[in-house]
Each structure stands twice: as structure tokens, then as C-alpha cells.
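Taking it in order: structure first as C-alpha cells, then the write-up.
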Amino acid sequence: MKKWVFILFVISFDLQAKEVSFTQEDRERLIRLEATMKEFKESVDKRFEQMDKRFEEFRDYVDKRFEQIDKRFEQIDKRFEQIDKRFEQMISFLWILSGIFVGIVAVTIGFAFWDRRTIIRRAKSEAVEEIERSGKLKDLLNAFRELGKKNPEVAEILEKFGLL
């Protein structure tokens, strides 16, 4: 029986030494810890939402800036197109002026050539007339000389003018 008492004593001592592993205080502590973790999680989520919002605002700002840059590039492209059109107009105008100048020069050269041929033709005909006249004059002078041999008055007149 002593044995039994001793065994009961050891078992009871062992039972008393062992406490309940999960007490009310532990539960409250765990609830507070859960609440704190929940608040921390909400705070972190809120902070991440703020960061996401800031990133989104920054992304929107960058997108707006890129849109403005794209608009400026479009304006520059339009300006270059206008300048290209203007150069094309100027080149067309210069071609037209060159054509007009070439036409005027060609007409002037043609007129000068025509005028020269006309003047040469007229000079030629005048020279032929002059030669014909001088030939007739010679014949006339020879005729007067022959007459001067027969008629002394005509000879005297021819001598007076140095034609005899």
C-alpha cells in the first residue's frame, strides 16, 4: 500500500506541477497580438495603396508629358512639311523663271539672227545696186568722153571737172 500511496503522491505531484498550457491571459495576449497585426497589416496596406496612388499619379504625369512632347513633335513635323512645301514652291518658281529666261534669250538670239540676215540681204542688194549704178556711170562717162572727142564744148566741161 505504501507503494500505492507513493505512486499516487508522485502522480498527483506531477499533475499539480503541470499547468494548463493555454490560459485566459494567453488568449487575451493572442487577441491583442492579432489586433495589432491586423492594424499593422491595414497600415501597411494603406501605405502600399498610397504608394500605388503616387506611382499612378507619377505615371499619369509622365504620360501627360510624353503626350505634350508627342504634340510638339507633331507640330515640328507639320512645320517641316510646310517648309518642304515652300521649298518645292520656290524650286517650281525658279524653274518657271529659268524657262522664261531661256525663252527670252532664244527669242532675242532668233531676232538678232533674223535681223542680221535681213540687214545682210539689204546691204547685198544695195551693194549690187551701187555696182550697177557705178557701172552705168562709167558707161555714161565713157560715152561723154567719146562725145568730147567730137565736140570741143563737152571736152572743155569734162576737163573742167577732171573727168577727161
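The values are calculated or read from the model by the stated rules, or taken from the named source; none is laboratory data. Keep in mind the model is a prediction, meaning the values are calculated, not measured. Ideal geometry is used to build each Cβ from the backbone, glycine not excepted, and the neighbour counts take in all protein chains shown.
Here are the numbers for the structure shown:
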{"read-out": "Cross-chain or 6+ apart pairs with Cβ under 8 Å, the range 113-142 first and under 30 Å from Val154 (Cβ atoms), then at pLDDT below 80 and not aromatic (Phe, Trp, Tyr)", "value": "Leu141/Leu163"}
{"read-out": "Those residues of the range 131-158 which are of a type in the set (Val, Ile, Thr) and touching a helix residue (DSSP H, G or I) at 6+ places or on another chain (Cβ under 6 Å), in sequence order", "value": "Val154"}
